[in-house]
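Structure first, commentary second.
Read the figures in this text as sums done on the coordinates, not as results from a lab. Please read these numbers as outputs of a predicted model, since none were measured by experiment. Because the Cβ atoms are built from the backbone with ideal geometry, glycine has one as well, and the counts that use them run over all protein chains shown.
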Amino acid sequence: MIAAVKKLDDENVVLHLRRKDQPVDVRLKAVESSEEEYRLGIWVRDNAQGLGTVTFLNGNSQFGALGHGIHDVDTNELLEIAKGSLYETSISAIQKGEDGSPGGMEGVIVYNRYNILGEITENTDAGIFGTVDRIHELFADQTPLKAGRKTEIQRGPAKIRCCVDGVVREYDVNILKVDLSEREVNKGIVLEVTDKELLEKTGGIIQGMSGSPIIQNDKIIGAVTHVFVQDAKKGYGIFIENMLEHVKS
C-alpha cells in the first residue's frame with residue numbers, strides 16, 4: 001500500500017474497500033506534502049504481529065494456535081487477514097504477572113525464510129489457523145494425543161504445556177469450571193495455575209501463553225486463552241473442539 005501511494009501524482013484514485021461487509025468504492029485525490037511527495041489521508045493497518053503458542057498440529061500439516069483471534073490494537077476489532085507467516089521465536093525475557101497487572105513474554109523473531117514454520121490462512125475468535133511446512137522434519141519427536149470432547153472435561157487436576165524458558169514443559173493446573181453454554185467461544189474453561197515452578201517463573205498466566213494446550217486424562221481438551229487481570233493465577237481456556245472446527249479432517 002505504501003509503495004503504491006509513493007507512485008501517485010495529483011491524479012484521482014479509487015480505493016476499493018469493504019464497509020460492514022458491503023463493497024464500497026471511494027474516490028480520493030492525492031495531495032502534495034511539504035516533502036514533495038503525494039499522500040492520501042487514510043489510516044491503514046498494513047500488518048500485525050504477536051507472540052503466542054501453537055496448540056496443535058494434525059496429520060495433514062494443519063495447525064491451530066492462540067485460541068483467540070488477533071485484534072486491532074486501536075479498535076479492538078478482529079483483523080481480517082490476507083495471509084501471514086508462522087515463525088519460530090526465542091523467548092528472551094519474562095515479565096511476571098501480578099494481580100491487577102498481567103505479565104508477558106518478550107521474544108526475538110528473526111525474519112528470514114529459514115525461521116518460517118508455516119503459513120497463516122485464517123484469523124478467527126477461536127484462534128489462528130494454517131499449515132506447517134516440513135512437519136516430519138520439525139516435529140518428528142512429538143507424541144500424538146487424542147482430542148477430548150468438552151463433555152469429558154472434569155473439574156480437577158490437569159496439565160498445560162508451554163515454553164517459558166526455551167523448553168516445552170508440562171505444568172500443573174486445576175480446572176475450576178466448565179461452561180458448556182459457550183456464551184463466549186473462547187472462555188468455556190476456567191482454570192488456575194497450581195504449579196509452584198511456573199508460578200515462580202511467571203506469576204501465573206501471562207501474555208504469550210495463549211494457545212498453550214490443556215491436557216487431562218492423556219487427551220488434549222483445550223487451550224489457554226485469557227488471564228484474569230485481578231488474579232494472575234487464573235484464566236480462561238477454549239474447548240479444543242471449537243478450534244478443530246476450523247481445520248479439515
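Descriptive notes on the structure:
- Ranked by the mean number of other Cβ atoms within 10 Å of their residues, highest first, the peptides 154-167, 200-213, 15-28 come out as 200-213, 154-167, 15-28.
- Net charge in the neighbourhood of ALA48 (other residues with Cβ under 13 Å of its Cβ; Lys, Arg +1, Asp, Glu -1) is -3.
- Aspartates and glutamates with Cα under 14 Å of LYS248, excluding same-chain neighbours fewer than 8 positions away: GLU122
- Using the Cβ-Cβ distance between ASP179 and LYS219 with R0 set to 22 Å, the FRET efficiency from 1/(1 + (r/R0)^6) comes to roughly 0.70.
- Geometric extent, Cα atoms of the chain - Rg, Dmax (angstrom): 20.9, 66
- Checked against a 31 Å cut-off, the cross-linked pairs LYS83/LYS234; LYS83/LYS187; LYS83/LYS201 give Cα-Cα distances beyond that limit for LYS83/LYS234; LYS83/LYS201.
- Pairwise centroid distance, computed over Cα atoms, of the range 136-177 with the range 71-100, Å: 21
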